[in-house]
Amino acid sequence: MLDFIQQLVNGIALGCVYGLIALGFVLIYKATEVVNFAQGELLMLGGFFAFTFITFMGLNYWIGFLLAVICMALLGSTIERVVVRPILGYPQFSIVMATIGLGFFARSVAGMIWGTDDLKIDTPFSRSVTENVVRIGSLVIADDKISIIVATVLLCIVLYLFFSRTRMGIAMQATSQNMLAAYYMGIPVKRVFSLIWAISAAVACFAGILLAPSTLIHTNVGFIGLKAFPAAVLGGFGSIPGALVGGIIIGVIEQLAGFYLPQGFKDVAAYIVLLLVLWFKPDGLFGMKMRKKV
Amino acid sequence: MSEPILKVSNIESFYGPIMAIRGVSLELHPGSIATVLGANGAGKTTILKTISGVLDPLKGSVEFEGRPIQRMDPDKIVRLGISHVPEGREVFPFLTVRENLMMGAFLRRDRTGVNDDLERVYTYFPRLKERMIQPAGQLSGGEQQMLAISRALMNRPKVLLLDEPSLGLSPILVKEIFAIIRRINQESGTSILLVEQNAKMALETANYGYVLEVGRVVMDDTCERLLNSKDIQEFYLGATEEGARGEKRWKRKKTWR
Ligand SMILES: Nc1ncnc2c1ncn2[C@@H]1O[C@H](COP(=O)(O)OP(=O)(O)OP(=O)(O)O)[C@@H](O)[C@H]1O
Ligand SMILES: [Mg+2]
């Protein structure tokens, strides 16, 4: 039982990271109908930026965190402007190839700048394996796992308030529901797209920094995006709560499969669940049923 | 006569290689209503899209209050005071009615003015007030049309572009909507460019009319005269001619051809 809870918490923490990456996919997809296959690489770059600020330059963890997120937001909107905007409106395939190429490019550039060794960030949650833990009875949970869960919840609250309460947030929803009508309202659609990319990149950076204590930072950390993808599809690819729930489901299943099932199941578990869900509910768990009226 | 508030001169607009309008000119005078009539595919919607900037004309100019605005970004044009009620309503289906209306006021920062305008559109369409917190996708077609018009009014526009507001509505609702259109024009002095299939309603509401055929203006006159014109009566109002002339009908051609 204790093992189960332990694995469950670890699974939820991992799932939160998947969920955040999936959230980035979904935000960009909903607004611009572009699937960004470089989302995992944005997470990787976020980790490297944080390493540079915190470990290399020796800044305070929180300041380094913030700076990394800001840098990634700027990078996200630059990518939109330079790479995506010029090919928007061309066949999906070109854009997909462009984002895949972008991922390769980011990996090799990161390798040139930061090398191919595993890098470590000192975080307030991972100084010591024995001290930075929460003990409830004989249950022991590492602080860095708790930090992932708490930070994800906080980030989701902030994003929720932004999208539902602010003028710009609602305008972003409006743009993803009906782009032409958004133009008619005078919503600066191009700026909205840049902002969406900025938010997605910032969220990926957030996930990358939270993940750093568990996986360390290296040029292949972005492949975690391949796990976030089924999370997004599971959630209905288009639903923000769906992306998070999908991420957590995948994370938990993967963790439990890794613990209880024979070796090898861990990495395919996510895809098996995905296939099963799509079999019964092709729209995903949170697929939008309501369609626009004529 | 006064200077036109909106002046379209010889515009040509394309969808890829397809030329949808071939040199159209029209004028809208301050405080007046002008209408553009034409069959399906004549290019009416394309004219409005060209004015509101979502489509750039290849040739020609669009002037608003004497300034050229062709090829400007749509949000700049909305900011100048031109609002577009698109064909087929195009509401934001998952936003509430109130949020849809607030999107109409996206570019405005004067909170009290926005609230006044919100109250104003609720007096025009009390049904919207009742459905304030419902997602717009759940409204009926007629209610969505009311929302689309109200949403455009939330920008407090000087010029309102209306694309087929009667599309798919019951005759009673059409009357209601047109009464409101007249009221908007009279109470706020908003100039209106109205595109319609319902020629009778449009000609009774507007001051000046243009007849469009395959991307060209083939006739324009005051609505009074258009209503009495034989061609309009026959081809747009569906009047049938009686008596001896009826036998010759097959010979009759539109005079502008
Ligand atoms: N998105 C598009 N791509 C290609 N051609 C288009 C597009 N939209 C319109 N057209 C073409 O442009 C011409 C004018 O279309 P437009 O929509 O302006 O007509 P309309 O007068 O508004 O017709 P309706 O009364 O049916 O709304 C038509 O021949 C149409 O086929
Ligand atoms: Mg049309």
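The values are calculated or read from the model by the stated rules, or taken from the named source; none is laboratory data. The structure displayed is predicted, hence computed values, not measured ones. Every residue, glycine as well, gets a Cβ built from its backbone with ideal geometry; the counts of neighbours run over all protein chains shown.
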Worksheet entry | Matching residues in region A:106-123 - criterion: being part of a helix (DSSP H, G or I) and hydroxyl-bearing (S, T, Y) | A:S108
Worksheet entry | Members of region A:279-294 found to be within 14 Å of another protein chain (Cβ to nearest Cβ) and either modelled with pLDDT of 50 or more or assigned to a helix (DSSP H, G or I) (or both), listed by number | A:F286, A:G287, A:M288
Discussion item. If I ask for residues that are touching an Asp or Glu at 6+ places or on another chain (Cβ under 7 Å) and either more than 8 Å from ligand 1 (Cβ to nearest atom) or among the acidic types (D, E) (or both), which ones from region B:32-47 would you list?
Written reply: B:T35, B:L37
Worksheet item: Counting just the residues of region A:180-192 that are within 27 Å of the chain's Cα centre (by Cα) and surrounded by 24 or more Cβ atoms within 10 Å (Cβ to Cβ), which one comes out nearest to B:L80 (Cα to Cα)?
Response: A:I187
Worksheet item: Can you find even one residue in region A:213-236 that is more than 20 Å from the chain's Cα centre (by Cα) and within 14 Å of chain B (Cβ to nearest Cβ)?
Response: no
Worksheet item: Out of all the residues in region A:109-141, which are free of Cβ contacts under 8 Å to residues at least 60 places away in the same chain and of a type outside the set (K, R)?
Response: A:V109, A:M112, A:G115, A:S128, A:V129, A:T130, A:E131, A:N132, A:V133, A:V134, A:I136, A:G137
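For region A:186-202, enumerate the residues that are part of a helix (DSSP H, G or I) and farther than 12 Å from A:C71 by Cα.
Applying the first criterion (part of a helix (DSSP H, G or I)) to region A:186-202 yields A:189-202.
Scanning region A:186-202 gives A:V189, A:K190, A:R191, A:V192, A:F193, A:S194, A:L195, A:I196, A:W197, A:S200.
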Practice prompt. Output yes when any residue across region A:92-105 is aliphatic (A, V, I, L, M), over 22 Å from A:L226 (Cα atoms) and in a helix (DSSP H, G or I), and no when none is.
Written response: no
Worksheet item: Which one is farthest from the other protein chains (Cβ to nearest Cβ), of the residues in region B:131-164 that are out of contact with any strand residue (DSSP E or B) (no Cβ under 8 Å at 6 or more places or on another chain) and not in a helix (DSSP H, G or I)?
Response: B:R131
Discussion item. Considering only region B:85-106, I want to know if a residue exists there that is under 22 Å from B:S191 (Cβ atoms), among the hydrophobic types (A, V, I, L, M, F, W, C) and touching a residue at least 60 places away in the same chain (Cβ under 8 Å).
Written reply: yes
Worksheet item: Can you name the residue in region A:234-244 that is in contact with a Gly (Cβ under 6 Å, 6 or more places away or on another chain) and of a type in the set (A, V, I, L, M) and is also surrounded by the most Cβ atoms within 10 Å (Cβ to Cβ) among such residues?
Response: A:A243
Discussion item. Quick check on region B:101-112. Is at least one of its residues surrounded by fewer than 17 Cβ atoms within 10 Å (Cβ to Cβ), away from ligand 1 (no atom under 16 Å from the Cβ), acidic (D, E) and not assigned by TED's automatic domain parsing to the domain that holds B:S150?
Written reply: no
Worksheet, complete the sentence: The one condition A:I157 fails out of (1) loosely packed, with under 15 Cβ neighbours inside 10 Å; (2) touching a Phe, Trp or Tyr at 6+ places or on another chain (Cβ under 9 Å) is (2)
Worksheet item: Of the residues B:S52, B:S83, which is away from ligand 1 (no atom under 16 Å from the Cβ), within 14 Å of another protein chain (Cβ to nearest Cβ) and on the phi < 0 side of the Ramachandran plot?
Response: B:S83
Discussion item. Regarding region A:175-184, can at least one residue be identified that is in a helix (DSSP H, G or I), touching an Asp or Glu at 6+ places or on another chain (Cβ under 9 Å), β-branched (V, I, T) and within 11 Å of chain B (Cβ to nearest Cβ)?
Written reply: no
Worksheet item: Out of all the residues in region B:3-14, is one or more within 30 Å of B:L128 (Cα to Cα) and either within 14 Å of ligand 1 (Cβ to nearest atom) or assigned by TED's automatic domain parsing to the domain that holds B:A202 (or both)?
Response: no
Practice prompt. Please specify each residue of region A:1-25 satisfying the condition of being within 19 Å of A:Q173 (Cβ to Cβ) and surrounded by fewer than 24 Cβ atoms within 10 Å (Cβ to Cβ).
Written response: none
Worksheet, complete the sentence: B:R127 fails exactly one of (1) more than 9 Å from chain A (Cβ to nearest Cβ); (2) free of Cβ contacts under 8 Å to residues at least 60 places away in the same chain; (3) surrounded by 18 or more Cβ atoms within 10 Å (Cβ to Cβ), namely (3)
